[in-house]
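Q: Can you read through this structure? Questions will come right after.
The values are calculated or read from the model by the stated rules, or taken from the named source; none is laboratory data. What you see is a predicted model; the values in this text were computed from it and never measured. Note: ideal-geometry Cβ built from the backbone for every residue, glycine included; neighbour counts use all protein chains shown. Heads up: the accessible areas ignore ligands, DNA and RNA and are worked out on the full protein's heavy atoms, side chains in. Shrake-Rupley method; radii C 1.70, N 1.55, O 1.52, S 1.80 Å.
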2 protein chains.
Amino acid sequence: MMHKEWTHLGEEDGPNIKLFDVRYHHMLNPRNGKSEKMLVLHGNDAVNVLAITPDEHLVLVKQYRFGIAEDTLELPGGLMNNQEDSQLAAARELREETGFSGKVWTYLGKVPANPVFMDAYVHHWLLEDAVKTHDTSLDDGEMIEVVMMPLSDLKQHLTAGAFTHPHTNAALLRYFIHTHQL
Amino acid sequence: MMHKEWTHLGEEDGPNIKLFDVRYHHMLNPRNGKSEKMLVLHGNDAVNVLAITPDEHLVLVKQYRFGIAEDTLELPGGLMNNQEDSQLAAARELREETGFSGKVWTYLGKVPANPVFMDAYVHHWLLEDAVKTHDTSLDDGEMIEVVMMPLSDLKQHLTAGAFTHPHTNAALLRYFIHTHQL
C-alpha cells in the first residue's frame, strides 16, 4: 500500500498568526483519488537542553504557559534564530533563561515539533558540568523561575507526571537511552 | 518571583485555520508591566494507544505526515470527538486505524499537546491482549500502514530514532515508567 504516494497538487498561503505562517498544502490521496487541504504551520526549529551540574542537579524552568493557562516544569529551550546553529541556540537559550553555561555538549537527536501540522524540529542537547555564570536575560513575554532538581529524584518526578511538555519528555527519553538507563 | 501572576487582559478571535480556532490572549507580564499578545490554538483533546498483542508485539502505524512531508512511525491515535470519553476515543481510533481491539485498558496519563500555544491534551492509553477483530476504516485524508513491532526490539528502534512524533515518545516514556523499566 505504501508504494503509492501522495501527490502535492499545490499550496496556498494562509494568515500569519504570530509564531507561525499558515500554509495549506493540497494533497491527492492515492488510496481514494480524493484531494485534501492540509494545514502546515511554518516556523523555526527549536532546541531544548538537559543541563546537569557537577553536583548532579538538572536545571529546569518553571513558567506560566498560555496554551494551557498553567505553570509548567520544562527543560530550558526555545526557538532558534534564523540561520542559527542548534548548539549555539541551545547555549543561548540556556544562558538567557537560567544563566547557566558550559563546554561539554552532546547532541541527543531531534524530534518533529508535531509532524502532523508543523514543519519544525526540536533539537535535544545535553550539557554536562553546567555552571551558573550569567544573569538571566528574559524576553518581554517571559517570566521564568529556575528550578534545580537532584538527578536522583528525576524518575520519581516523572512518575508523578511533573513534566508537562511533550518535547521535554521526548528529550528525557533520549537521555535515558543515551545513559543506558533504558 | 512566581507569586506574581500574569493578568488576563482580554481575548480576540483569529481565523479558523482548519484543525484549530485561532485565539489571542492579551496578557500583562507582572515582571515588567508590559502587555503581550499570546497565540492560543483551540482544538479538541487527542489520544494515543500502546496496543500490545498476546504474542508481545506493539501495534504501530506508518503514515505520511504533511507537516514534515515524510513518513512517520507512531502509536495509533487521533483527535477525540466532541464530548467523547478518552478511553472510547482510544478504542475507536485504534479500531479505525488498525482493526485491533481489546478489553484490558490502563490509563497512562496525559500530556499537553504543546502547552506553549495549544490548549489541548493528549491522553495515553495502554491496551493489553489486543487482537485484530475489524477491518480498518480510514478518513478521506488518511492512508495508513499497520506495522507490528516485537516488544523486544522496541529499545533498539528507539535508540535508532525510529519514532518521530513527540506524543508517541511521551507515551512510551509513561509506558517504561508504568512497567518499571525506568
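Q: For segment B:140-160, how many residues meet the condition of being part of a loop (DSSP other than H, G, I, E, B) and surrounded by 14 or more Cβ atoms within 10 Å (Cβ to Cβ)?
A: Matching residues across segment B:140-160 total 3.
Q: Would you pick out the residues in segment A:161-178 that are assigned to a helix (DSSP H, G or I) and of a type in the set (A, V, I, L, M)?
A: A:Ala170, A:Ala171, A:Leu172, A:Leu173, A:Ile177
Q: Tell me yes or no: at least one residue of segment B:75-97 is in contact (Cβ under 8 Å) with a residue 60 or more places away in the chain, within 24 Å of A:Val122 (Cα to Cα) and surrounded by 20 or more Cβ atoms within 10 Å (Cβ to Cβ).
A: Yes, that holds for at least one residue.
Q: Of B:Ala120, B:Ala170, B:Ala130, which residue is more than 10 Å from every other protein chain (Cβ to nearest Cβ), at pLDDT 95 or above and farther than 26 Å from A:Arg31 by Cα?
A: From the options B:Ala120, B:Ala170, B:Ala130, the qualifying one is B:Ala130.
Q: If you scan segment A:1-23, which residues turn out to be within 21 Å of A:Tyr121 (Cβ to Cβ) and over 23 Å from the mean Cα position of the chain (by Cα)?
A: Passing the criteria: A:Trp6, A:His8, A:Glu11.
Q: Could I ask something else about it? Would you check which residues across segment B:102-137 are open to solvent by 30 Å² or more (accessible area, probe 1.4 Å), touching a Phe, Trp or Tyr at 6+ places or on another chain (Cβ under 9 Å) and not in a loop (DSSP other than H, G, I, E, B) and list them?
A: B:Trp105, B:Thr106, B:Tyr107, B:Lys110, B:Glu128, B:Val131, B:Lys132
Q: What number of residues within segment B:161-176 are surrounded by fewer than 18 Cβ atoms within 10 Å (Cβ to Cβ) and free of Cβ contacts under 8 Å to residues at least 12 places away in the same chain?
A: In the first step, residues of segment B:161-176 are kept if they are surrounded by fewer than 18 Cβ atoms within 10 Å (Cβ to Cβ); the result is B:161-162.
Next cut, free of Cβ contacts under 8 Å to residues at least 12 places away in the same chain only: B:161.
Residues meeting the conditions: 1.
Q: Cβ contacts < 8 Å: first residue within 15 Å of A:Thr53 (Cβ to Cβ) and charged (D, E, K, R), restricted to segment A:121-148; second residue part of a loop (DSSP other than H, G, I, E, B) and modelled with pLDDT of 95 or more, any location; separation 6+ or different chain. Result?
A: Within 8 Å, the pairs are A:Glu128/A:Gly102; A:Asp129/A:Thr53; A:Asp129/A:Pro54; A:Asp129/A:Gly102; A:Asp129/A:Lys103; A:Lys132/A:Gly99.
Q: Listed residues A:Lys18, A:Lys37; which is at negative phi and open to solvent by 20 Å² or more (accessible area, probe 1.4 Å)?
A: A:Lys37
Q: Give me the strands (runs of 3 or more DSSP E) completely within segment B:1-93, filtered to those with at least 2 residues that are away from chain A (no Cβ under 13 Å), ordered by residue number. Break it down stepwise before answering.
A: On the way: elements: B:7-16, B:21-28, B:35-42, B:46-51, B:57-65, B:70-74, B:77-79.
It comes to B:46-51, B:57-65.
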